[in-house]
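All remarks here apply to the structure that follows.
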Amino acid sequence: MRSVHDEIKYLMDEINRADRAYYVDSKPVMSNAEYDKLYNRLLVLENEYPLLADSNSPTKRIGSDITNDLPEKSHTIPVLSLDKCYDVSELTGWMRKIYLKYPEGNDFVVEPKIDGAGVVLYYNEGKLVSALTRGDGYTGNDITANIKTIKSVPLEIDYKEELAVRGEIYIPKDEFDALNKKNADNNYANPRNLASGAVRRQKSSEVAGYPLRLFIYEGFFKELPHDKHIDNLKLLKELGFPLNEEVAFLTNKQHFDYSKTFKKIFINTADKIDEYVAMIGNARSSLQYEIDGLVIKLNDLNLREELGFTQHHPRWAIAYKFEAPNSITVVEDIIIQVGRGGRITPVAVLKPVKIAGSTVSRATLHNQLYIDELELNIGDTVSVSKRGDVIPAVEEVISHTGATGSYKLPQNCPSCGTALLADGAHLFCRNDNCPQKQLAGLQYFAARTQMDIETLGDKTIEFLYEKGFIKKISDFYTFDYNKLEGFEGFKDKKINNIIQSIERSKSKPFKILLYSLGLKDIGEKVASLLTDKFRNID
Ligand code: IVH
């Protein structure tokens with residue numbers, strides 16, 4: 001008779017095989033009913049014999065409610081980023097330079113540059129032991145428990161030596177659209193931001209609810225099993241890692257053995273790169289995931305070693321990006337804003353620059369993650385675009401003219417000094433008495449899209465707050481504005497206008513008042529549902 005131990009092992013293997021077939025190879029090998037039967041049996045056994053339950057069991061993919069503060073850990077491989085170019089001629093120039101140096105080393109592998117959240121997976125003795133974010137390339141955050149919930153991540157592999165793989169966690173476009181439809185009140189900016197935030201949730205049970213996927217693109221073996229990148233990719237695929245289907249092989253030799261693994265093999269190809277770039281450019285919008293360019297890598301790993309690295313990137317690979325930068329400027333400073341909900345937002349103060357007709361002098365940097373991904377610091381020369389033609393965004397560091405390393409957010413609130421707490425990708429000040437939070441809440445209340453008290457602009461409210469006249473929302477309606485007489489900039493006429501606009505605001509509909517209060521989770525939509533049902537604030 002089979003021991004419980006063996007049965008657990010058997011069930012785990014079968015479920016892993018089914019997950020891989022479904023999530024990696026898109027070729028299901030069993031029905032849902034069969035799958036559920038195995039899964040439930042495994043759950044029963046693991047409950048009955050907790051000592052025999054494996055921490056890498058597929059049942060662990062549902063995650064847990066334990067709060068995990070994602071501690072920093074060192075990478076055991078250097079996690080470098082790539083040099084970039086924006087022009088096919090730059091790209092062919094780069095390839096030609098390598099051809100000239102190594103006439104025999106003229107094979108390249110071209111991979112889509114997946115626009116997701118970078119991750120490094122570490123395996124030992126065939127098991128996933130840890131998963132780290134890229135971080136600054138030397139240390140990342142430990143997101144192991146979160147990554148284990150992603151079904152296309154192999155928890156066990158048939159390779160016993162130490163192995164690290166780099167890949168990108170992403171959310172398919174259609175899943176992203178479906179999520180945004182469900183959360184009309186809370187649209188996510190793009191699949192990448194959502195994926196980056198999701199892998200950093202503090203509870204892995206929450207991560208399990210996001211449609212996260214993985215593509216891998218580089219393997220780091222203790223002892224090289226092959227001396228060609230393409231063979232390593234093939235091996236990784238055979239081990240059960242999800243490999244992108246659009247990976248192309250540019251070679252001047254005949255290779256028949258790769259045609260099963262790689263759809264696109266181009267023979268004799270220094271010049272074929274433009275063809276491939278154009279092809280992927282055309283296919284881009286119909287791909288199921290976002291890509292922001294291509295990565296061109298030298299295939300020969302011995303030549304890679306000879307070429308080596310600069311401070312920041314390998315010399316044997318380059319990223320070709322689809323979107324050219326719009327304007328170049330310098331980050332003169334990074335300031336920290338505290339939102340009304342306590343969210344900390346770093347903002348780049350830019351040397352003013354013209355982009356598409358208007359002058360831009362600030363751009364949000366969102367969070368530490370965004371800064372780390374850019375590898376940005378004060379003093380750096382950057383390219384700035386206007387996303388959707390409105391919102392300025394720092395796209396790239398063009399040259400690291402500033403301090404070394406990426407800028408680090410403070411650990412304490414710049415306004416009240418309270419220690420900041422992480423939630424997802426963001427830091428928060430949780431002090432309800434934080435002056436900056438209170439001020440932001442007052443400004444929000446009076447702003448045009450809320451109560452629309454035109455005479456109380458951000459500057460005026462800041463003055464009233466600093467003088468101690470208005471500390472909370474109700475003070476707007478109890479303060480005697482005549483006391484402003486004599487303060488600079490407050491003539492009779494201005495004071496009268498304020499009093500009138502306060503009076504006018506009293507006739508705003510209840511719904512607007514309700515969401516102007518800025519209560520957590522009560523946006524326009526919820527406020528509307530509530531005020532349809534309830535007549536007053538009681
Ligand atoms: S190779 C040394 N390949 O783009 C190897 N990166 O700046 C360097 N990325 O941080 C990375 N798809 O997160 C590589 N097929 C691909 C990629 C890729 C996306 C991301 C990755 C990296 C950034 C490069």
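Table: residues versus (1) within 30 Å of residue 127 (Cβ to Cβ); (2) modelled with pLDDT of 90 or more; (3) in contact with a helix residue (DSSP H, G or I) (Cβ under 8 Å, 6 or more places away or on another chain); (4) not in a helix (DSSP H, G or I).
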site	(1), (2), (3), (4)
216	yes, yes, yes, yes
230	yes, yes, no, no
237	yes, yes, no, no
241	yes, yes, yes, yes
258	yes, no, yes, yes
265	no, no, no, yes
281	no, no, no, no
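Among the residues of segment 481-498, those identified as surrounded by 13 or more Cβ atoms within 10 Å (Cβ to Cβ) and part of a helix (DSSP H, G or I) are 481, 484, 494, 495, 496, 497, 498. Within segment 484-498, being on the phi > 0 side of the Ramachandran plot and either more than 50 Å from the chain's Cα centre (by Cα) or of a type in the set (Ser, Thr, Tyr) (or both) holds for one residue alone: 486.
A quick yes/no check of all residues on (1) crowded, with 20+ Cβ neighbours inside 10 Å; (2) not hydrophobic (A, V, I, L, M, F, W, C):
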position	(1), (2)
301	no, no
315	no, yes
322	no, no
327	no, yes
331	yes, no
346	yes, yes
359	no, yes
376	yes, no
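Would you confirm whether any residue within segment 299-308 is within 13 Å of the ligand (Cβ to nearest atom), part of a strand (DSSP E or B) and out of contact with any Leu (no Cβ under 6 Å at 6 or more places or on another chain)? Among the residues of segment 299-308, not one is within 13 Å of the ligand (Cβ to nearest atom), part of a strand (DSSP E or B) and out of contact with any Leu (no Cβ under 6 Å at 6 or more places or on another chain), which makes the answer no. Checked against (1) among the polar types (S, T, N, Q); (2) in contact with a Ser or Thr (Cβ under 8 Å, 6 or more places away or on another chain); (3) within 19 Å of residue 151 (Cβ to Cβ), residue 68 meets all criteria but (3). Within segment 155-171, the set of residues being charged (D, E, K, R) and within 14 Å of the ligand (Cβ to nearest atom) comprises 166, 168. Of everything in segment 105-154 that is within 15 Å of the ligand (Cβ to nearest atom) and part of a loop (DSSP other than H, G, I, E, B), the residue that is farthest from residue 197 (Cα to Cα) is 138. Taken together, 140, 197, 167, 209 contain a single residue that is touching a Lys or Arg at 6+ places or on another chain (Cβ under 6 Å) and either at pLDDT 90 or above or within 29 Å of residue 525 (Cβ to Cβ) (or both), which is 140. Answer yes or no as to whether residue 90 is more than 13 Å from the ligand (Cβ to nearest atom), part of a helix (DSSP H, G or I) and farther than 25 Å from residue 425 by Cα. So residue 90 passes the test.
One line per residue, one yes/no per condition, for (1) of a type outside the set (Lys, Arg); (2) under 30 Å from the mean Cα position of the chain (by Cα); (3) surrounded by 13 or more Cβ atoms within 10 Å (Cβ to Cβ); (4) more than 21 Å from residue 127 (Cα to Cα):
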site: 29; (1), (2), (3), (4): yes, no, yes, yes
site: 32; (1), (2), (3), (4): yes, no, no, yes
site: 63; (1), (2), (3), (4): yes, yes, yes, no
site: 66; (1), (2), (3), (4): yes, yes, no, yes
site: 82; (1), (2), (3), (4): yes, yes, yes, yes
site: 86; (1), (2), (3), (4): yes, yes, yes, yes
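Restricting attention to segment 465-480, the residues that are in contact with a Lys or Arg (Cβ under 9 Å, 6 or more places away or on another chain), surrounded by 13 or more Cβ atoms within 10 Å (Cβ to Cβ) and in a helix (DSSP H, G or I) total 1. Could you tell me whether residue 369 is closer than 30 Å to residue 203 by Cβ and buried (at least 20 other Cβ atoms within 10 Å of the Cβ)? Against the criterion (closer than 30 Å to residue 203 by Cβ and buried (at least 20 other Cβ atoms within 10 Å of the Cβ)), residue 369 qualifies. Of the residues making up segment 169-191, those that are crowded, with 23+ Cβ neighbours inside 10 Å and either of a type in the set (Ser, Thr, Tyr) or closer than 15 Å to residue 133 by Cα (or both) are 169, 170. For segment 276-291, taking the residues that are within 21 Å of the chain's Cα centre (by Cα) and surrounded by fewer than 17 Cβ atoms within 10 Å (Cβ to Cβ), the one that is farthest from the ligand (Cβ to nearest atom) is identified as 285.
The values are calculated or read from the model by the stated rules, or taken from the named source; none is laboratory data. Note that this is a predicted model, so its numbers are computed, not measured. Don't worry about glycine lacking a Cβ; one is built from the backbone with ideal geometry, like all the others, and counts go over all protein chains shown.
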